[in-house]
Amino acid sequence: MNIPFNLITPFPDRTTFDKVAEGIIVTSKNISLELQGKPSRFYRHGWQSWSLAAWTDLRPLPIQKPAILHPMQVDPAYAREKRPHSSWVGAVEFEDGKILLLGSLGLDAHVFLNDKQLEGTYETGNGEWFIGYGDETTVFSKYTNELGKRFGTKTRKPAPRVWCSWYSLYTAIDEKILSNAFNGLRDLPFDVLQIDDGWQIKIGDWEANSKFPLGMKEVAGRIKSTGRQAGLWLAPLIAVKSSKLFWNHPDWFLHDKHGQLASAGFNWGEPLYALDTTHPAALEWLAQLMKKVRTWGFNYLKLDFLYAGALPGKRRQEMPREAAYRNGLQVMREAMGADVFFLTCGAPILPSLGLCDAMRISTDVAADWENRNDVVYLQNYAVPSTRNAIRTSLHRRWLDPLVHLDPDVTYFRSKECALSAEQKSLLQNLALICDFKATSDLPQWFTSDEREQLRAFLKRKPKIRQISRYVFQIDNEVVDFSSVVPLPQELKGIEAVQAAVFGWLANHDWALKINDQMGKAALEKIRKTL
Ligand code: 9PG
């Protein structure tokens, strides 16, 4: 076989070279593969659910903006990396379509394309690397197989069909609105009705707020009385400064090397902070929180903003950051119990494997396709957008043997939704390919046709066959996702200047607060129409 690369660090002999097509495993802190000639594409894998995963050209991506969101959208330690960078696994594609994959089998590992070298490095100590060469599907499945041996494979529970409250009224939910929605969904074949963000007092204070006067136990009871399972969203590893949690336990939070609080990003118009999952008292609090929501009656849990547990910083007990996160996740998993269907979101990918049932594999969809400012000026592929979400989900399908893949919800409604029929259909087909069906559409927004389309979708069990990287056969229909994938060209001249100004403006907390207020005002208008 004519293999278009040389093994450099740390390969002493030729025998390993001959075995590359079968896949080899090497233990080393650093690893280098020298490419002969230029590959055509680079596979980059973003750190957490919301970060971009895609085959791209060989250029480094421009620094994503605004920087204030780096901790919650990318791995902040590599947000300014000049070389093309990938978390745990990277690959190059050669002219003939064959790929060379370098993937870690351990945590805290990174892959770089350094001119003509594909390099891997562990942040601390030695670790295992998988190297495979050949056809893309075969190589990825060999890699997945090795990951499965170390982290565990997909749980046997089937993926439930979920109605999730987020993508219709966002935080503007209340007891009455949800109760109406649950009634309206009565005859549709959902397995889980999941309450998303908007029920809690504060990020950090996980008790029902004044919009849920009956309390969460009663809400869960109402869901269960319809014959469905009750689902709940929480973001247990972050908190805002105004929460009681932060006020009472400022020492439970992650700090940077200068002793300042480490940022976990900015959302809901407020800065976010990260819980230190090596702090014994914080771990105990997490375990109690999981037990509490179980006693309320929820047995589908969507734990979100989980990246916060693996951010760089100074921890009470020094350990590699992804190991610290995994430890926290394990404590929560044990406390909630194995019978819960556990969905991780905003989650670092590899360190979550084996501890959850499903994983969000993309950023959020949205009721529109993409926002030009976000994409062109901020070069941000993690912001909620249906195009961003489909792109990244398609590039994470290889995780399928390891975990249920949640590509986020699908839209059927035309009310309060700017997606075209084709765009909605791409999303629906993506859900079929990932075998995870969810929506947030409010029943009162449906036309009778839309309602029947949703019913048919929930009942479908199609035969799926992958024809090429972006083309699938779903029963008798051929679906081509290729048009979704391309990223915009590099900016030049006046557009580059506009982007710099826009990026600078967007990096101010007042800009983010205005954005948040505008969003809330728009929601209030919609809520009044219900
Ligand atoms: C609730 C929501 C929903 C949603 C989650 C998460 O900036 N970002 O990149 C970003 C992406 C997603 C996101 C928030 C911010 O939404 O994915 O399903 O539960 O939280 O607040």
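Solvent-accessible area of the chain (1.4 angstrom probe, protein heavy atoms only): carbon and sulfur portion equals 51 percent.
For the range 160-356, the solvent-accessible area works out to 35 Å² per residue, with a probe of 1.4 Å and every protein chain left in place.
Counting charges near Arg83 (Lys, Arg +1; Asp, Glu -1) among other residues having Cβ under 9 Å from its Cβ returns a value of -2. Where does helix 509-528 land angle-wise versus the long Cα axis of the chain, in degrees 0 to 90, nearest 10? Around 50 degrees separate the two axes. Think of it as helices only: each DSSP H run of n ≥ 4 in the chain is worth -39500 (n - 2.57), and spread over all residues that comes to -9000 deg cm²/dmol at 222 nm. Comparing Cα centroids, the range 159-213 and the range 380-422 end up 20 angstrom apart. Projecting the Cα atoms of Ile63, Gly23, Gln453 onto the charge dipole of the chain, computed from C-beta unit charges around the Cα centre, puts Gln453 farthest toward the positive end.
Given +1 at the Cβ of Lys and Arg, -1 at the Cβ of Asp and Glu and no other charges, the dipole of the range 5-151 around its Cα centre is 340 debye to the nearest 20. Go through Ala159, Met72, Ile173 and say which Cα lies farthest out towards the positive end of the charge dipole of the range 30-187; charges sit on Cβ, +1 for Lys and Arg, -1 for Asp and Glu. Result: Ile173.
Shown in residue order for the range 317-323 are the 3J(HN,Hα) couplings computed by the Karplus curve 6.51 cos²θ - 1.76 cosθ + 1.60 at θ = phi - 60°: 10, 6, 6, x, 5, 6, 5 Hz (x for Gly and Pro). Counting charges near Phe112 (Lys, Arg +1; Asp, Glu -1) among other residues having Cβ under 11 Å from its Cβ returns a value of 0. Extension gain for Tyr78-Glu284 works out to 71.0 nm (0.36 nm per residue, less the C-alpha to C-alpha distance).
The charge dipole of the chain, taken about its Cα centre with unit charges on the Cβ of Lys, Arg, Asp and Glu (plus for the first two, minus for the last two), comes to roughly 940 debye. Evaluated over the Cα positions of the chain, the convex hull gives a direction-averaged projected area, one quarter of its surface, of 24.1 nm².
Sorting the segments 426-436, 112-122 by their residues' average number of neighbouring beta-carbon atoms within 10 angstrom, most packed first, yields 426-436, 112-122. For the residues His258, His45, a 1.4 Å probe over the protein chains yields an accessible-area ranking, largest first, of His258, His45.
Taking a Cβ cut-off of under 14 Å around Ile514, the surrounding Lys, Arg, Asp and Glu residues balance to a net charge of -1, with basic ones at +1 and acidic ones at -1. The charge dipole of the range 160-356, taken about its Cα centre with unit charges on the Cβ atoms of Lys, Arg (+1), Asp and Glu (-1) only, comes to about 180 debye. In this rough spin-label picture, where each label sits 7 Å from Cα along the Cβ direction, the Thr16-Glu495 distance is 4.4 nm.
Filter Lys302/Lys513; Lys65/Lys525; Lys224/Lys528; Lys154/Lys463 down to the pairs with a C-alpha to C-alpha distance above 22 Å, please. Cα-Cα > 22 Å for Lys302/Lys513; Lys65/Lys525; Lys224/Lys528; rest within.
The values are calculated or read from the model by the stated rules, or taken from the named source; none is laboratory data. Everything numeric in this text was worked out from a predicted model, so none of it was measured. FYI the Cβ positions are ideal-geometry reconstructions off the backbone, even for glycines, and counts take in every protein chain you see. Each accessible area value is taken on the protein alone, full model and side chains, heavy atoms only, with ligands, DNA and RNA left out. Shrake-Rupley method; radii C 1.70, N 1.55, O 1.52, S 1.80 Å.
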